[in-house]
Amino acid sequence: MTADDEHRDDPEHLRRPPARVLSANQLVSYNLMRARREADWSQTEVAELLEKYTARGWSNASVSAAERAWQGGRPRRFDASEIVAFSRMFDQPIAYFFMPPEKERYWSKWVGMREFNDGIPDASSVEDAMSLVATDELVRSLSMGSVSQRFELRMSELTLAWLGLTWDGPELKSPIRVRTDELWYEQQTRGVDWADVVEAREAAEEGGQEGGQGDALKFLVTPEEIAQTLDQIMGDVKQSVIRRLLAREGSEGPVDVPPEVRPSNPPKMDENAQRKQTASKEEGRRIGRRLLDGPAGGS
């Protein structure tokens, strides 16, 4: 039984309307409107730019119609070239234009691959069910929180070839936990699970209990987390510097790697190991230069 079935016998003024399912094209329509408003551009300015980017006729009226499509206006199907043009115009990644609205009033567990009558798919229709994508799956895909090994390999090759950078795929993590000083003390001294304490605290606040200034919520970050983040940032900086030096070495001759980016306390090696390491470095430089030359430089 669905939530709608549970309220079917309620009086009409108490029934909750079923959640409206937005299609992929309606998400693009919504985000086009949102991006334009965030940029503080007029519809006329957007139309002029779109004409230049797509070599098609755009007007104030056509931009307005494209933005209204997500609210139940005339359906609008956006093609790939238009979405790429939106991305360039508003300096947003392509994924931005497929993000569902954050406002709770527009929340739905599903996104449609096509439009439905009144935005409501037919629960008894197999075709309608096949046209639905779970919203949480869409968000995971947009965030690239779960990608295939083939995607990782291709993205690593592309970022190295075109950007000279190493791609380290995005990682989904649990939200930052918010605690108060009192909650932190209670957890440490009494061994109480902080989640249970927060739940109890929220229930108390909803019940109308007053709190003082000391009850303000604060973010708690441990020194270990800060040190770990700084180490990761410095490691990325060192790798970037070394890659740039190797790239420059091909055009300007040998370049000494500065001491600050060299590994600290290198282990002592015998002459045979040093020769092997030198040969390995030379091979690494050749491979790095070949990759940094990009597809145009490949044979």
Query raised in the report: Which one of the conditions (1) in a helix (DSSP H, G or I); (2) buried (at least 17 other Cβ atoms within 10 Å of the Cβ); (3) at pLDDT below 90 does Asp118 fail to meet, given that it meets all the rest?
Result: (2)
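Can you name the residue in the stretch 93-106 that is in contact (Cβ under 8 Å) with a residue 60 or more places away in the chain and touching a helix residue (DSSP H, G or I) at 6+ places or on another chain (Cβ under 8 Å) and, of all such residues, is surrounded by the fewest Cβ atoms within 10 Å (Cβ to Cβ)? Lay out the reasoning, then the answer.
Let us first name the residues in the stretch 93-106 that are in contact (Cβ under 8 Å) with a residue 60 or more places away in the chain, namely 96-101, 106.
In the following step, the residues that additionally are touching a helix residue (DSSP H, G or I) at 6+ places or on another chain (Cβ under 8 Å) were identified as 96-101.
Numbers: Tyr96: 17, Phe97: 24, Phe98: 19, Met99: 18, Pro100: 19, Pro101: 15.
Per the criteria, the residue is Pro101.
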Query raised in the report: Which ranges mark the helices (runs of 4 or more DSSP H) fully within the stretch 1-54 that have 1 or more residues being at pLDDT 55 or above and basic (Lys, Arg)?
Result: 24-39, 43-54
**Report entry** Those residues of the stretch 58-92 which are among the basic types (Lys, Arg) and either surrounded by fewer than 17 Cβ atoms within 10 Å (Cβ to Cβ) or assigned to a helix (DSSP H, G or I) (or both), in sequence order
**Finding:** Arg68, Arg74, Arg77, Arg88
Report summary line: Counting only residues that are surrounded by 14 or more Cβ atoms within 10 Å (Cβ to Cβ), modelled with pLDDT under 90 and part of a helix (DSSP H, G or I), the stretch 142-154 contains a total of 1
Report summary line: In the stretch 85-114, anything under 18 Å from Val63 (Cβ atoms) and aromatic (Phe, Trp, Tyr) is listed as Phe86, Phe90, Tyr96, Phe97
Query raised in the report: Is it fair to say Tyr106 is among the aromatic types (Phe, Trp, Tyr) and in contact with a strand residue (DSSP E or B) (Cβ under 8 Å, 6 or more places away or on another chain)?
Result: yes
Report task. Of the numbered conditions (1) in a loop (DSSP other than H, G, I, E, B); (2) within 30 Å of Ala55 (Cβ to Cβ); (3) of a type in the set (Val, Ile, Thr), Thr166 fails exactly one; give the number of that condition. Result -> (2)
**Report entry** Which numbered condition Pro101 misses (of (1) closer than 13 Å to Met33 by Cα; (2) assigned to a helix (DSSP H, G or I))
**Finding:** (2)
Report task. Just need a number here: residues in the stretch 143-177 that are charged (D, E, K, R) and more than 14 Å from the chain's Cα centre (by Cα). Result -> 5
Query raised in the report: Do you know which residues across the stretch 122-133 are in contact with a helix residue (DSSP H, G or I) (Cβ under 9 Å, 6 or more places away or on another chain) and surrounded by 12 or more Cβ atoms within 10 Å (Cβ to Cβ)?
Result: Val133
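The values are calculated or read from the model by the stated rules, or taken from the named source; none is laboratory data. Quantities reported herein were computed from a predicted structural model and do not represent experimental measurements. Using ideal geometry, Cβ is built from the backbone for each residue, glycine included, and neighbour counts are taken over all protein chains shown.
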